[in-house]
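Asks: First the structure, then my questions, so here it is.
Since every read-out is calculated from the coordinates, none of them should be taken as a lab result. A quick note: this is a predicted structure, and the numbers were derived from the prediction, not measured. Virtual Cβ from ideal backbone geometry, glycine too; neighbours counted across all protein chains shown.
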Amino acid sequence: MDTAIITSMSAAPHADLHLHSTHSDGVLSPTDLVALVATRGVPMMALTDHDTVSGLDEARSACAAAGLRFAPGVEVSAGWRGQSIHVIGLGLRSDEPQLGGHLAGLRALRTERIREIGERLEKRGRLPGRELAAGVCATAAVPTRMHLARALVAAGAAADLDEVFKRLLGRGGPGHVPIDWPTLDSTVAALRGAGAQVVLAHPHRYRLSAGALRSLVDEFAAHGGHALEVGLGGIARHDLDRLATLVRRSRLAASTGSDFHDPALAWNSPGRFAKLPADLEPVAMRL
Ligand code: AMP
Ligand code: MN
Ligand code: MN
Ligand code: MN
């Protein structure tokens, strides 16, 4: 077994607090997702779709039927120093109007961005971008680049999702469209206003120097953020160590989750994520 990649089952509380459904860019309905999670020996889960809370009622009912503890969540897009970052809210009141307004604004930005990406793919990439983007916007409640990537693969524009993100949608690609997401400050405030525990998602995935990542974590904590996501599926040992050090330094709690989207992508299978170091406080204990 590769010891550099950690996917072991963690000790209690083994909570999968990062999962996607068809309400954003996952491929399983909340009901089917809960059924899969229930087979993985996970006592607790959160549904954290991108920029929407529309799947939470269905997930809550399915969890009650399956005997799983449920935390209502969301994964929100935000901007920091020109980068897109993701902030997760857990244990939130999903009917909070201010959060609802914040999320509606994000979805409007997403729709606009997918259309713009389609335009650019058409003009600069000589691909049927306009038609594919229109299809995504017509069918996806929260149109993401993941949806467009799947459509591009299906149309034969690239061999797989990885190639789409690298060659077409990534920086330097014909379909790269930066987006001016709301600030970290307003994002944390919207989630806190709904009573959420606020988690900085997958901090090791951002393209930031060690110093910039420390600044991001410092600002996140200063704005009232509660936890860093540390126990992720497939995280490398050195990244986990780095994040654990940041958690200790900033006296935040730590979160665990798979970031599951699709059974075809084995690396983020539900219920499989890294065990938290014993001295970190699991945010699940607060939910
Ligand atoms: P968006 O939120 O619209 O920017 O779309 C980003 C989503 O696409 C993420 O939430 C991931 O689910 C997925 N994604 C991002 N980068 C990659 C990648 N390199 N390969 C596969 N999926 C990716
Ligand atoms: Mn996603
Ligand atoms: Mn994310
Ligand atoms: Mn996610």
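Asks: Expressed as a fraction of 2.2 N^0.38 Å, the rule-of-thumb size for a compact globular protein of N residues, what is the C-alpha radius of gyration of segment 124-221? Don't skip to the answer; put the middle values down first.
Replies: Working: Rg = 16.9 Å, N = 98, 2.2 N^0.38 = 12.6 Å.
My calculation over the Cα atoms of segment 124-221 gives 1.35.
Asks: Right, something else. Could you state the principal axis extents of the C-alpha atoms in segment 108-169, from the largest down, to the nearest angstrom?
Replies: Answer, in whole Å and largest first: 28, 21, 17 Å.
Asks: Something else about it: Counting Lys and Arg as +1 and Asp and Glu as -1, what is the net charge of the other residues whose Cβ lies under 13 Å from the Cβ of Gly79? Kindly include the intermediate steps, with their values, before the conclusion.
Replies: On the way: positive: Arg81, Arg113; negative: Asp180, Asp185, Glu219.
Around Gly79, the surrounding residues sum to -1.
Asks: Show me, for segment 143-153, the HN-Hα J-couplings you get by feeding each phi into the Karplus relation (A = 6.51, B = -1.76, C = 1.60, θ = phi - 60°), rounded to Hz, glycine and proline as x.
Replies: x, 10, 5, 4, 4, 5, 4, 4, 5, 5, 5
Asks: For the chain, which semi-axes, largest first and in whole Å, follow from the square roots of 5 times the eigenvalues of its Cα gyration tensor?
Replies: Details: eigenvalues 162, 90, 79 Å².
Listed largest to smallest, the semi-axes of the chain are 28, 21, 20 Å.
Asks: Pick out, from Thr187, Thr144, Leu132, the residue whose Cα sits farthest towards the positive end of the charge dipole of segment 94-198, with +1 on the Cβ of Lys and Arg and -1 on the Cβ of Asp and Glu.
Replies: Result: Leu132.
Asks: Separate question: Can you give the local net charge around Met44? Use residues other than it whose beta-carbon is closer than 14 angstrom to its beta-carbon, Lys and Arg +1, Asp and Glu -1. Please report the intermediate quantities before stating the final value.
Replies: Values: positive: Arg40, Arg60, Arg69, Arg286; negative: Asp16.
Value of the local net charge: +3.
Asks: Related question: Give me the net charge for the shell around Ala227: Cβ to Cβ below 14 angstrom, other residues only, Lys and Arg +1, Asp and Glu -1. Write down the numbers at each step before the final one.
Replies: Values: positive: Arg192, Arg248, Arg249, Arg251, Arg286; negative: Glu75, Glu229, Glu281.
Combined, the nearby Lys, Arg, Asp and Glu give +2.
Asks: Still on this structure: Packing-wise, with mean Cβ within 10 Å as the measure, how do 212-218, 45-51, 187-193 rank, highest first?
Replies: Details: 212-218: 16.6, 45-51: 28.1, 187-193: 22.6.
Taking the mean over residues of other Cβ atoms within 10 Å, the ranking is 45-51, 187-193, 212-218.
Asks: In segment 60-143, which trypsin sites (Lys or Arg not before Pro) fall in coil by DSSP and have 11 or fewer other Cβ atoms within 10 Å? List each step's numbers first, then the result.
Replies: On the way: sites: Arg60, Arg69, Arg81, Arg93, Arg107, Arg110, Arg113, Arg115, Arg120, Lys123, Arg124, Arg126, Arg130; in loops: Arg81, Arg93, Arg126.
Here the sparse-neighbourhood loop sites are Arg126.
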